[in-house]
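These notes concern the structure reproduced below.
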Amino acid sequence: MNDTDVRRDFFMAMGEATRASRHAMDQRMRPLGLSKATWRTLYWLQHHGDGVTQRTLAERMGIESPSLVRLLDNLERSGLVERRTAPTDRRANALHLTAKARPLLKAINRAAEEVRAELLVGVDEHSLRDALTVLRRVVDNASRVKSLEARTA
């Protein structure tokens, strides 16, 4: 197998792994009564911390701001998220998880840990660290390319 084939296969496998892991997570969250959009939003919001702005969260989740607004409207109506004026920009909303969200997030995190354990059976710590290094490099390179493209546009 030549370098071109390995690089192609790597990206194909990365896409397949992403789809498979998302599907597994969605299946595990279904008994909790959570849609993919709902659990992912709560999970990302917890990961990025209270006070993250809507715009930043949308960027990090890889979705458009209007899509996130609808999700947040539903989460706010459910009492799981609060929007507050961002302290650094009155035009922006800072997002905060409510006390009602905490038990649900515990269940989400427990289910996510179970899925990770199942999907990583047979993968040793060293291989996992190597894969993480490669994936972080891909993300860094993609950010660099995006930045270069933005400057030349």
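Residue selection: ASP130 fails the criterion of being within 18 Å of the chain's Cα centre (by Cα), in a helix (DSSP H, G or I) and either aliphatic (A, V, I, L, M) or not assigned by TED's automatic domain parsing to the domain that holds LEU75 (or both).
Is there a residue being over 23 Å from SER21 (Cβ atoms) and among the hydrophobic types (A, V, I, L, M, F, W, C) anywhere in the range 127-148? Checked the range 127-148: at least one residue is over 23 Å from SER21 (Cβ atoms) and among the hydrophobic types (A, V, I, L, M, F, W, C).
Mind checking which helices (runs of 4 or more DSSP H) fall wholly inside the range 1-80 and carry at least 1 residues that are in contact with an Asp or Glu (Cβ under 6 Å, 6 or more places away or on another chain)?
Working: elements: 3-29, 36-48, 54-61, 65-77.
Per the criteria, 36-48.
Of all residues in the range 56-77 being in contact with a helix residue (DSSP H, G or I) (Cβ under 8 Å, 6 or more places away or on another chain) and small (Gly, Ala, Ser), which is surrounded by the fewest Cβ atoms within 10 Å (Cβ to Cβ)?
We begin by selecting, within the range 56-77, every residue in contact with a helix residue (DSSP H, G or I) (Cβ under 8 Å, 6 or more places away or on another chain); these are 56-58, 60-61, 64-65, 67-69, 71-72, 74-75.
Adding the requirement that they be small (Gly, Ala, Ser) leaves 58, 65, 67.
Values: ALA58: 21, SER65: 11, SER67: 13.
Of everything passing the filter in the range 56-77, SER65 is surrounded by the fewest Cβ atoms within 10 Å (Cβ to Cβ).
Just a yes or no: is a residue in the range 89-100 assigned to a loop (DSSP other than H, G, I, E, B), without any contact (Cβ under 8 Å) to a residue 60 or more places away in the chain and under 23 Å from ARG22 (Cβ atoms)? No. Hey, any hits in the range 123-131 for a residue that's among the aliphatic types (A, V, I, L, M) and loosely packed, with under 12 Cβ neighbours inside 10 Å? Yes - at least one qualifying residue is present in the range 123-131. With respect to VAL115, is the statement that it is under 25 Å from GLN27 (Cβ atoms) and at pLDDT 95 or above true? In short, yes. Among residues of the range 87-107 being under 19 Å from the mean Cα position of the chain (by Cα) and under 20 Å from ARG70 (Cβ atoms), the one that is surrounded by the most Cβ atoms within 10 Å (Cβ to Cβ) is LEU95. ARG84 fulfils the conditions (1) more than 25 Å from ARG28 (Cα to Cα); (2) surrounded by fewer than 13 Cβ atoms within 10 Å (Cβ to Cβ); (3) within 19 Å of the chain's Cα centre (by Cα); (4) modelled with pLDDT of 90 or more except for a single criterion, (3).
Considering THR38, THR53, the condition of being touching a strand residue (DSSP E or B) at 6+ places or on another chain (Cβ under 8 Å), surrounded by 14 or more Cβ atoms within 10 Å (Cβ to Cβ) and of a type in the set (Ser, Thr, Tyr) is satisfied by THR53 alone.
Restricting THR41, THR98 to residues that are out of contact with any Lys or Arg (no Cβ under 8 Å at 6 or more places or on another chain) and under 24 Å from SER143 (Cβ atoms) narrows the list to THR41.
The values are calculated or read from the model by the stated rules, or taken from the named source; none is laboratory data. Predicted, not measured: the structure shown is a model, and the values here were computed from it. Cβ sites come from the backbone with ideal geometry, for glycine too, and all protein chains shown count toward neighbours.
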